Amino acid sequence: MLLTAWRRAANWRGWAAAPALHDAFDAKKAFAYISQVVSFGERWPGSPGHQKTQALIKQVLAQDGARIETDDFTATTPRGAVPVHNIIGKFNVTADPKQQIFILAGHYDTLFKPGFLGANDGGSSTAILLSFGDALVHQKTKMQIWLVWTDLEEAINSFQGDDGLYGSRHLAQKLKTAAVVPRIKGFFLLDMIGDKGLGVTRESGSTRWLQDFIAQAAKQLGYSQYFFQDSVAIIDDHVSFAKVGVPVVDVVDAQFGRMGAGFDGMGEFHHANTDTMDKISAASLDIVGRTILLTVELLDR
Ligand SMILES: [Zn+2]
């Protein structure tokens, strides 16, 4: 609050620089993006809501001046052939073939489950990436920043064998084949980070030194209490990138609502039709959005 007031005064005097990347993050807009995608209804691959979400992502990326690419293929699943569409928005791409790359990712598909709207699971990841795109306009980074919306993260039946993570697995393999992996400095996956009762877990399969950068940024912003107070292993899209040798962090709140016997292992609202807008807060999006973008600034030095 104080800083914002100072900036306004500074701008009025005409000598302030553009805000830092993390200060360009707009949590209210991120919240509005979640409302918008939830209003599209169910967003499983092939559904009308899924197509509307794709259109929104491409529209925002175009407005933000990103280089838009897609990774389209047909996945073989227990439900048969499913067309999958990953969407990539690239920022600050230079002509340097060795320029480093940092990836911020999240899934935009929702469960194949009647009535499931996924405000947090699917909605929050889609929306925070859209707001990252908006924040990156006019922001120069040394690294290329890729925003990646993965598709068909959710398992058709359950996360066993190759069921689930279809989109990220395909994209990670593609980047490995193209010999792009050595240029990728890191990969942050955002998942279920809109929860009102925010607590980002120290996911135990993630890369420790990259998590430490996030902890440093959180501390700098006074948000330490919201990060890494618990630790658990989670199967999520970061696993696909870890497997091809990319340093990864799953930035995930693994406790959504009450925990305990009778509830899902990730909380009472996880994969339940009660994963709705009333469980989301702009304050949580602000904490995660600003912390992650400050981390990117720290890594870009
Ligand atoms: Zn899920």
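The values are calculated or read from the model by the stated rules, or taken from the named source; none is laboratory data. These numbers were taken from a predicted model, which means no experiment stands behind them. All Cβ positions, even for glycine, are placed from backbone atoms using ideal geometry, and neighbour counts span all protein chains on display. All accessible areas refer to the heavy atoms of the entire protein, side chains included, with ligands and DNA or RNA removed. Shrake-Rupley method; radii C 1.70, N 1.55, O 1.52, S 1.80 Å.
Can you pull out every residue in the stretch 51-63 that is within 17 Å of the chain's Cα centre (by Cα) and either among the polar types (S, T, N, Q) or open to solvent by 20 Å² or more (accessible area, probe 1.4 Å) (or both)? Of everything in the stretch 51-63, those that are within 17 Å of the chain's Cα centre (by Cα) and either among the polar types (S, T, N, Q) or open to solvent by 20 Å² or more (accessible area, probe 1.4 Å) (or both) turn out to be Thr53, Gln54, Lys58.
The listed residues are Phe132, Phe159, and the only one of them that is of a type in the set (Phe, Trp, Tyr) and either within 13 Å of the ligand (Cβ to nearest atom) or touching a helix residue (DSSP H, G or I) at 6+ places or on another chain (Cβ under 6 Å) (or both) turns out to be Phe159. So which residues in the stretch 48-82 are touching a helix residue (DSSP H, G or I) at 6+ places or on another chain (Cβ under 9 Å) and among the charged types (D, E, K, R), if there are any at all? Lys52, Asp64, Arg67, Asp71 - these are the residues of the stretch 48-82 that are touching a helix residue (DSSP H, G or I) at 6+ places or on another chain (Cβ under 9 Å) and among the charged types (D, E, K, R). Would you check if there is a residue in the stretch 228-235 being touching a Ser or Thr at 6+ places or on another chain (Cβ under 7 Å) and hydroxyl-bearing (Ser, Thr, Tyr)? For the stretch 228-235, residues touching a Ser or Thr at 6+ places or on another chain (Cβ under 7 Å) and hydroxyl-bearing (Ser, Thr, Tyr): present.
In the stretch 66-73, is there at least one residue being over 16 Å from Arg169 (Cβ atoms) and surrounded by 19 or more Cβ atoms within 10 Å (Cβ to Cβ)? Yes, some residue in the stretch 66-73 is over 16 Å from Arg169 (Cβ atoms) and surrounded by 19 or more Cβ atoms within 10 Å (Cβ to Cβ).
Suppose we filter Gly115, Gly122, Gly194 for residues that are modelled with pLDDT of 95 or more, closer than 17 Å to Phe25 by Cβ and within 16 Å of the ligand (Cβ to nearest atom); which single one remains?
Criteria check complete, one pass: Gly194.
Candidates in the stretch 208-235 are the residues that are open to solvent by 30 Å² or more (accessible area, probe 1.4 Å) and touching a residue at least 40 places away in the same chain (Cβ under 8 Å); of these, the one that is nearest to Thr110 (Cα to Cα) is Ile235. Of all the residues in the stretch 1-49, those that are closer than 26 Å to Leu104 by Cβ, modelled with pLDDT of 95 or more and outside any loop (DSSP other than H, G, I, E, B) number 18. Against the definition (within 14 Å of the ligand (Cβ to nearest atom) and open to solvent by 50 Å² or more (accessible area, probe 1.4 Å)), how does Asp264 come out, yes or no? Spelling it out, Asp264 is indeed within 14 Å of the ligand (Cβ to nearest atom) and open to solvent by 50 Å² or more (accessible area, probe 1.4 Å).
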